[in-house]
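Scroll down for the structure; my scribbles are underneath it.
Throughout, read-outs are computed from the coordinates displayed, never taken from laboratory work. Note that the structure is predicted; figures quoted are calculated from it, not measured. Glycine gets a Cβ as well: all are built from the backbone with ideal geometry, and neighbour counts include every protein chain shown.
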Amino acid sequence: MAHVSISACPACNASPLAERIASDALVGDSVVLMLPTIHCSACIVNVERKLNAMTEVKDARVNLTLKRVTITTNCSVPIERFVAALAEIGYAAHELDPSLLAQSEMEKASRHLLTRLAVSGFAMMNVMLLSAAVWSGADGVTRDMFHWISAMIAVPATIYAGQPFFTSAWTALRARHLNMDVPISLAIFLALGTSLYETNLSGEHAYFDAAISLTFFLLAGRYLDHKTRSVARSAAQELSAMEVSRAIVRRDDADVTVNVKSLVVGDIVVVRPGARVPVDGDIIDGSSEVDRSILTGEIRPEFVDVEVKLHAGELNLTGPLLVRVTAVGRDTSLHQIAELVAIAESGRSKYTSIADKAARLYAPGVHILSALSFVFWYVYSADLRVSLNIASAVLIITCPCALGLAVPAVTTAASGRLYKKGLLIKSATALERLAQIDTVVFDKTGTLTNGMPQLVELPKTDALSLQIAASLASASMHPLSVALSKALTESGTNMANLTGVEEIPGYGVQGYFGGRLVKLGRAEWVGADAIDETATYLRLWEMEPITFAFQDALRDGAFELLKDIQHQVGDVHILSGDSEQAVAAIAARLQVINYAANEKPQGKAAYIAALQAQGKNVLMIGDGLNDTAALTAANVSISPASALDAARVASDVVFLGGRLDNLIGVVGLARQSQRRIKENFRIASFYNVIAVPIAMLGLATPFIAALAMSLSSITVTLNALRVR
Amino acid sequence: MDVLVYLIPISIFLGGVGLFGFLYTLRTKQYDDPEGDARRILSDEWDDHPKPD
């Protein structure tokens, strides 16, 4: 590599291997690490001092709000070095894939909104000051001057700040339908137009203050809406970005860590025990057991050997495997699931949000009323100026600002509460859809259970066998061994003295007790009759084998959550790809009557569709790849943060932290916020019922318009804050 | 009422100063890390970025 010699960083030249890794690992020369444990000013100083002391680092800057550090480097440096440096001073660091943090786009949009909000706020305050003078009795030349100054401030400010509404209204009109922004834009333009015309003729009424404050209130609603969604979205993105997938590739007899994206078909990948398989491929060397639960829901580990096909996402348990890559990226088994998701998506009827429904009623209504009053006054008085004035007064006074605030104010309050509970609402209409739920469908493995086996009970046998089992189990990192070891330690079992203990990958552990062979592992290997549950078997020399049966451990709070749902929401179903017996056991423990086992991904989606055909509104909670189609098909879907990326993308809500009882009351909160939204619409309509007749009679003054607008906006916002 | 000739421009100018002040803080990304900035003031560390080469 020619460029190595001109590198500014001596440390890189010292390690060519690091350089090679880094060229794969780094895009550009800025690295983002997540530091979940930083919390104080000392943390900032420690982290920055440590990183800035490294010769490769040009600049390190901690963002405490996002709990991240951005490192700018002089040259390509493997990220592991930063992680190690931070671990030295006691901070856990996780790499974030910067390409997945589409933060800048959202930040830009939010900055633009905030700028417009500031401009309209500034203009509103100045215009209101001038209007106050007019309302308190300024007349003649003074009033005209105030109107002209108001116009000079309000017209450019409104045209600049109102752009989001104008563009949205224009798009809607071109698609030949009406949204909330059409009457808003029309009201703003008509108000500005007639006010300019009136001012020119030194008329009494000008609505510059109404136009600009309308823009300001609506922008406030827009900004709240944007902020809520961007918080949830960036947290969800962070989850995806944390999964920077690396693979160990064997090239020219050297193992190199590379980004999974750079793998090509035919590469040889090393999959260590305890690691997930990064791509689809065939095993060319080694034997082991793999956990396929994330794809199939089946928790029993499967024995794999040379020539067995592995899929991306599966977990290698015991022995190292060499895998030849057969498919990468879009071609992997993930893609087949993606097709299923697309089918489910097309079947999902398009949900119309409450705001859209209101807009459909409201927009034509307002236009008709305004047009009617124009026609009536024109016929009655034959005065174009008076009729135009009244028509625009009707448009302004129908007060779309309360309607514009009705939904975002409530969703902001509700999402804020849910965010504190660790729930990220990704979709704008998720809360509304949650409120309608009457049936909840759970996936079993990884959702109700945490995917970790747990010993059912200690077999009734002598202490020596248990001691030998404890010693054998402690020699392996296989999940069943770990669970067995834990259960035996808790029961106070000591370890027996064994010699020559070794793990046979894919089969089990063996050793010698006083010269006699003892084995712990798969049924066929120890020579036992396999039972129909997840189990491991112990054989002492020629004695009868002993069976240790396992069940899946429930997630914390699962029981409480199901109780709550059955009381507050409705039916609970369990839908799993696991064996009949395992699912039945869990269903019995949780007192759930409806369950289905051995379901394929298609079957799960079909099950949900069948429930929906009965008129149910289904909430699906799942985490596996096999759930993605079902998650998409359901009315609303929730997945835990531990779920596969594909499942999280398919779901509307993601919950952080492992506890299921965080979900208690979510549907209740959603229902409550729906009630608040409806109340808000009622309040806004109430104002209209009073104000519109006044406006149509031609009695509305700019003062009444301003009063109605501010009062209804404030009431609506205060009502939204009542969401508990 | 002649005083309006001075007062109105002055009031608009003062409001404008506030507006541009806000836009300046927005442009210079002063709202990106409110929590960190509140804590940084407590440390003695030299905090003038980027560090000169």
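Provide the per-residue ³J(HN,Hα) series for region A:491-504, in order, calculated from phi with Karplus coefficients 6.51, -1.76, 1.60 and θ = phi - 60°, each as a whole number of Hz, with x at glycine and proline positions.
In residue order, the calculated couplings are 7, x, 7, 7, 9, 8, 7, 10, 10, x, 6, 9, 9, 9 Hz.
At A:T171 and A:I248, where each label point lies 7 Å from the Cα along Cα→Cβ, what is the point-to-point distance in nanometres?
4.8
Would you order A:M495, A:M543, A:M696 from fewest to most other beta-carbon atoms within 10 Å of each residue's own beta-carbon? Let's see the in-between values first.
Numbers: A:M495 17, A:M543 12, A:M696 21.
Listed from fewest to most nearby Cβ atoms, that is A:M543, A:M495, A:M696.
Just to confirm my numbers, what's the Cα centroid distance between region A:120-197 and region A:697-715 in Å?
15
Would you list A:V654, A:V328 from fewest to most Cβ contacts within 10 Å? If you can, show how the numbers build up before the last one.
Working: A:V654 23, A:V328 20.
By the 10 Å Cβ count, ascending, the order reads A:V328, A:V654.
Which entries of A:K357/A:K421; A:K309/A:K604; A:K444/A:K563; A:K227/A:K678; A:K227/B:K29 have Cα-Cα distances beyond 20 Å here?
Numbers: A:K357/A:K421 30 Å; A:K309/A:K604 24 Å; A:K444/A:K563 16 Å; A:K227/A:K678 22 Å; A:K227/B:K29 16 Å.
Violating the 20 Å limit, Cα to Cα: A:K357/A:K421; A:K309/A:K604; A:K227/A:K678.
Which value in nm describes the separation of the simple spin-label points at A:L699 and A:D571, placed 7 Å from the Cα toward the beta carbon?
5.6
Sort A:V689, A:V526, A:V31 so that the residue with the fewest other Cβ atoms within 10 Å of its own Cβ comes first and the one with the most comes last. Before the final figure, lay out each step's value.
Details: A:V689 8, A:V526 20, A:V31 25.
If I rank by nearby Cβ atoms, fewest first, I get A:V689, A:V526, A:V31.
Take every Cα-Cα pair in chain A and report what % of them are more than 41 Å apart. Write down the numbers at each step before the final one.
On the way: 123639 of 261726 pairs.
The share of Cα pairs beyond 41 Å in chain A comes to 47 percent.
Per DSSP H run of at least 4 residues, take -39500 (n - 2.57); add these up for chain A, divide by its residues and hand me the 222 nm value, nearest 500 deg cm²/dmol.
-16500 deg cm²/dmol
Evaluate the relative contact order of chain A (contact order divided by residue number), counting alpha-carbon pairs under 8 angstrom at least 6 apart; express in whole percent. Numbers along the way, then the final one.
Details: 1343 pairs, mean separation 91.9, N = 724.
So the answer I get is 13 percent.
Using the Karplus curve 6.51 cos²θ - 1.76 cosθ + 1.60 with θ = phi - 60°, work out ³J(HN,Hα) for each residue of region A:513-527 in order, rounded to whole Hz, and write x for Gly and Pro.
Coupling constants for region A:513-527: 10, x, x, 9, 6, 10, 9, 10, x, 5, 4, 5, 6, 8, x Hz.
Quick one: helix A:384-397 against the long Cα principal axis of chain A, what's the angle to the nearest 10°, folded into 0 to 90?
30
Note the full-extension length gain between A:V379 and A:A42 as 0.36 nm times their separation in residues minus their Cα-Cα distance, in nm to one decimal.
Working: separation 337, 0.36 × 337 = 121.32 nm, distance 7.56 nm.
Residue separation times 0.36 nm, minus the Cα-Cα distance, leaves 113.8 nm.
Using a simple spin-label model with points 7 Å from Cα along the Cα→Cβ vector, what separation in nm is obtained for A:K678 and B:F20?
Taking the simple label geometry, A:K678 and B:F20 are separated by 5.2 nm.
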